[in-house]
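The values are calculated or read from the model by the stated rules, or taken from the named source; none is laboratory data. Please read all numbers here as calculations on a predicted model, not as lab measurements. Backbone-built Cβ (ideal geometry, glycine too); neighbour counts: all protein chains shown.
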Amino acid sequence: MENLLFILRILLVAIFGVAGFAKLYDLNGSKKAMQSFGVPEGVAFAAGLTLPILEIAIAISLVFVQTSWFGAIGAAGLLGIFIVGMLWQWSQGNAPDCHCFGQVHSEPVSPKSIIRNAVFIIPAIILILAGRANQGLNLFDSNINNSTESTMQIIIGLAVIGLLAAVVYFLKQISEQQVQIMRRIEILEFTANDGTKEVEREDVSSPAEGLPIGTPSPIFELPDINNKVVTIKDLLTRKKSTMLFFVSPTCNPCGALLPEIEQWQNELKDKLNFVFISNGGAKENADKLGGTTLKKILLQKDREVAELFGAKWTPTVVLVNSEGRIASRVAAGDSAIRELVEKIKATEEEILFVPHDEHSKLGQELPEFSLEDVSGKAITPKDLVGKPILLTYWSTGCGWCQRMLEDLRDWDKTKGQDEPNLIVVSSGDAERHKDMNLQSTILLDNEFVVSKSLGMSGTPSAVLINENGKVISEVAVGSSQIWALVGKKEKEKTNETA
């Protein structure tokens, strides 16, 4: 029995010693882990420093039979706190990185990590039940007569000390190597994108493609790494936008950007929710993208959700505001993502949208005008406000307009009360426009007053106007983007030409 209790003590010494020293070599990671478990930022560093010191103290106390019973109580108490905290986070659908063994081994909270701690607590409980006076062989007892037992104690003690020394040494080496690797990856990414070398990618299109700002977010539901189903509605938070990161566990630039993402997550926690949308298995995503801060990682089967948002590359970011509308252009690549984040940092109020350029009409009032409809009735902006409007710029001589006309008629007849009114702005002969057979208003703007003031230079194109007469979307060009503005998908056409 003494040998068994001695082995259990040495096992706990190794566990708590490695955990403590590993955390000391990564205090920044320990701080972030504390924050991800809900510790306030102001005391997170102190808590992240206190925990490894306490673990090392427990390990030292378990070495000596005189103090090992108290060490076992401390070990059981600490592991119990870990288990309760993990169970709470897991029950809430969260998966913060436990940072259990610092840079030696860290993983998001999961049933596996909870069970592991439950197994670790068993030796501590056995030592507690054995009693203060019965803690096994004394490693430093000079009165032991059995030379075999004495030799075994010395060998095991030296092995544990050697193990801890090796762990400390390799932790330092691993930490330095990780820093160098991350720096090299960033340099490679920078030189690969500085314009001196053309990179061909057959599987992607232009990174500027994506949904216009103001478009309702595509509807989706995906499992997270704990297999809990999450929808876009679950991600929306009052007065906070959601930053969707389209990533992959095999994407090296995603991993290189991870430390910056975690820094942004801490800086912008009052403005933004951070969500990763990836593919592949839960474990590989947790290992590659889990980092040291709490993250919500959703898993696609392939790239089905990325395609809905027009995210062709990884890493790519799309911002969705609290109203569930697209709030930014697609930001593809580390430079574009950093630029988007800087714009968000400079915004003090709630982020409804991040304009792409200084010429954006987002947030402006519908310009003053007086135009006649096809029946000769004069219409002004005052006649249109009170309900959201899909204002479409049209031309009867535009082949692409004609191609979407049938679908536009169908929507005009069947759209619900909660969908925007349709206003068509065009030019030319009134009789020809009557032949479009639309129930909605068609305004004739032969001087292009409205289209120019809203930055609409091509047909078909459209913008959304809210019930107060303010522009709430970018100009959507082409039928697919126009339908996206009203939350619909373009119908596929076959055997047709524009």
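Quick notes on this one:
- Positions within region 286-313 being at pLDDT 90 or above, more than 24 Å from Gly38 (Cβ to Cβ) and crowded, with 21+ Cβ neighbours inside 10 Å, in sequence order: Val305, Ala306, Phe309
- Put simply, of Thr392, Thr347, Thr380, Thr316 the only residue that is of a type in the set (S, T, N, Q), over 29 Å from Leu444 (Cα atoms) and at pLDDT 90 or above is Thr316.
- Selection within region 25-38 - over 21 Å from Gly74 (Cα atoms), free of Cβ contacts under 8 Å to residues at least 40 places away in the same chain and within 21 Å of the chain's Cα centre (by Cα): Lys31, Gly38
- Hey, Gly416 loosely packed, with under 14 Cβ neighbours inside 10 Å and touching a residue at least 60 places away in the same chain (Cβ under 8 Å) or not: no
- Single condition Ser473 does not satisfy, out of (1) part of a loop (DSSP other than H, G, I, E, B); (2) without any contact (Cβ under 8 Å) to a residue 24 or more places away in the chain: (2)
- Among the candidates Glu474, Glu467, residue that is out of contact with any Lys or Arg (no Cβ under 6 Å at 6 or more places or on another chain), in the same structural domain as Tyr393 (by TED's automatic domain parsing), within 20 Å of Pro216 (Cα to Cα) and among the acidic types (Asp, Glu): Glu474
- Scanning region 121-155 for residues that are more than 20 Å from Gly74 (Cβ to Cβ) and either assigned to a helix (DSSP H, G or I) or at pLDDT 60 or above (or both) turns up Leu137, Phe140, Asp141, Ser147, Thr148, Glu149, Ser150, Thr151, Met152, Gln153, Ile154, Ile155.
- Some residue of region 410-431 being modelled with pLDDT under 90, among the hydrophobic types (A, V, I, L, M, F, W, C) and not in a helix (DSSP H, G or I): no
- Among the residues listed as Val317, Val354, Val341, the single one being part of a strand (DSSP E or B) and in contact (Cβ under 8 Å) with a residue 60 or more places away in the chain: Val317
- Exactly one residue out of Leu438, Leu362 is in the same structural domain as Ser473 (by TED's automatic domain parsing) and either out of contact with any Cys (no Cβ under 6 Å at 6 or more places or on another chain) or assigned to a loop (DSSP other than H, G, I, E, B) (or both): that is Leu438.
- Residue satisfying condition, being within 16 Å of Ile351 (Cα to Cα), surrounded by fewer than 18 Cβ atoms within 10 Å (Cβ to Cβ) and of a type outside the set (S, T, N, Q), within set Lys233, Lys269, Lys283: Lys269
- Hey, Arg403 surrounded by 15 or more Cβ atoms within 10 Å (Cβ to Cβ) and either among the basic types (Lys, Arg) or modelled with pLDDT under 85 (or both) or not: yes
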